[in-house]
Amino acid sequence: MRINMWSGPRNLSTAMMYSFGARSDCAVIDEPFYAAYLHKTGIKHPMNDQILASQPTDPAQVANTCQSSSPDAMPIWYQKHMCQHMIDGFPLDWAKSATNIFLIRHPARVIASYAAKREAPTLNDIGFTQQSMLFDKLGGGIILDSADIRKHPEAMIKALCHAIGIPYEHTMLNWPNGPHKDDGVWASHWYGAVHNSTGFAAAEGPLPKLSGQNAETCKQALPHYETLAKLALKPA
């Protein structure tokens, strides 16, 4: 079983990868299209050269890997993907035969968190328009709101397992602190919070207040978030 988790940046995507990685029957892969995306667009990210050297830059080669058998012949292969990495011209047919899950987060929280790591994110940087496009092109899928996971982690993980037809494992609620063996090379820049965790963080407080271009970007992203949020999975 292949699971594609489609997220934007600064979400619970790494924590969800660690959660599935804690299962007894699951292999995971971290953002396999990242280097291909940087190579094709010419966008410069933190640790740019290291990322380009760490992964294939041919999107067709990455797609072949993503539709192949899981490492170590595990029954479940969990693939963490960033929506903004799937630019025009990148193959997508490989994803249609998999279980597709869309992880969403309020754009105000995404932008505030992203801006702390990389200044002035644009709408293209944060993945909301691309997530809507992927949801339509892949024929829908399961939607998870990170706010619900942080409020009700056990109930939401159980609901997700039921929805995709796999047994729930209690180990999905906890993982060892520190780096994961399957982290991408960029982890040292982006994954500090999750490396200091052993489980899902508690529920978040009020939405952050944004100003200037960040507020405008949030306004542009909000309709995409709200449309998908109406369809989000809820705990039983």
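The values are calculated or read from the model by the stated rules, or taken from the named source; none is laboratory data. Note that this is a predicted model, so its numbers are computed, not measured. Here Cβ is always computed from backbone atoms with ideal geometry, including for glycine, and neighbour counts include all displayed protein chains. The accessibility values were calculated without ligands, DNA or RNA, using every heavy atom of the protein model including side chains. Shrake-Rupley method; radii C 1.70, N 1.55, O 1.52, S 1.80 Å.
Under a 5 Å amide H to amide H cut-off, with H placed in plane at 1.01 Å, what residues pair with Tyr78 once short-range neighbours are removed?
Amide H neighbours of Tyr78: Ile3, Ala27, Val28, Ile29.
Under unit Cβ charges (Lys, Arg +1; Asp, Glu -1), what dipole magnitude, rounded to 20 debye, does the chain have relative to its Cα centre?
Details: 20 positive and 20 negative charges, 99 e Å.
Its charge dipole is roughly 480 debye.
So, taking all protein chains as they sit and a 1.4 Å probe, how much accessible area belongs to Asp125, in Å² rounded to tens?
20
Lysines within cross-link reach of Lys137: Cα-Cα under 23 Å, excluding same-chain residues under 8 positions apart?
Lys40, Lys80, Lys96, Lys230
Hey, got the dipole for the range 169-222? About the Cα centre, +1 on K and R Cβ, -1 on D and E Cβ, debye to the nearest 20?
180
Could you rank the peptides 222-228, 164-170, 1-7, 206-212 by their average count of other C-beta atoms within 10 Å per residue, with the highest value first?
Details: 222-228: 16.7, 164-170: 13.0, 1-7: 21.7, 206-212: 10.7.
So the order, starting with the most tightly packed, is 1-7, 222-228, 164-170, 206-212.
Convert each backbone phi in the range 213-229 into a coupling constant with the Karplus relation 6.51 cos²θ - 1.76 cosθ + 1.60 (shift: θ = phi - 60°), then list the ³J(HN,Hα) values in order as whole Hz, x for Gly and Pro.
Result, ordered by residue: 5, 4, 5, 5, 4, 4, 4, 5, 7, 4, x, 5, 5, 5, 5, 6, 4 Hz.
State the Cα centre-to-centre distance between the range 68-132 and the range 15-57 in whole Å.
Taking the Cα centre of the range 15-57 as reference, the centre of the range 68-132 is 10 Å away.
Which of the listed residues, Ser211, Ile101, Trp175, is farthest toward the dipole's positive end in the chain, when Lys, Arg count +1 and Asp, Glu count -1 at the beta-carbon?
Ser211
Report the Rg/Rh value for the range 1-63, based on alpha-carbon coordinates and the Kirkwood definition of Rh. Please list the in-between numbers first.
Working: Rg = 13.1 Å, Rh = 13.1 Å.
With Rh from the inverse mean 1/r over Cα pairs, Rg/Rh is 1.00.
How are the alpha carbon pair distances in the range 1-151 distributed across 10 Å bins from zero to the largest one, expressed in percent?
Pair shares across the bins are 11, 41, 39, 9, 0.
Quick check for you: with a 1.4 Å probe and neighbouring chains kept, what is the accessible area per residue of the range 1-154, in Å²?
37
Could you give each residue of the range 62-78 its phi-based ³J(HN,Hα) in whole Hz, using Karplus coefficients 6.51, -1.76, 1.60 with θ = phi - 60°, and x for Gly or Pro?
5, 4, 4, 5, 5, 9, 8, 5, 6, x, 6, 6, 5, x, 10, 10, 8
Given an 8 Å cut-off on Cα distances and at least 6 residues of separation, report the relative contact order of the chain as a percent.
29
Can you give me the P(r) profile for the range 80-179? Cα pairs, bins 5 angstrom wide beginning at 0, each as a whole percent.
Result, from short to long distances: 2, 10, 18, 19, 19, 18, 11, 3, 0 percent.
So how strong a dipole does the range 51-120 carry about its Cα centre when Lys and Arg Cβ are +1 and Asp and Glu Cβ are -1, to the nearest 20 debye? Mind showing how you got there, number by number?
On the way: 6 positive and 5 negative charges, 79 e Å.
Roughly 380 debye, rounded to the nearest 20.
Could you tell me what % of all Cα pairs in the range 193-236 have separations over 15 Å? Before the final figure, lay out the partial values.
Values: 643 of 946 pairs.
Beyond 15 Å sits 68 percent of the P(r) for the range 193-236.
Carbon and sulfur together cover what percent of the accessible area of the chain at a 1.4 Å probe radius?
53
How large, in Å, is the range 42-123 by the Kirkwood hydrodynamic radius built from its alpha-carbon pairs?
Radius from the Kirkwood sum: 15.4 Å.
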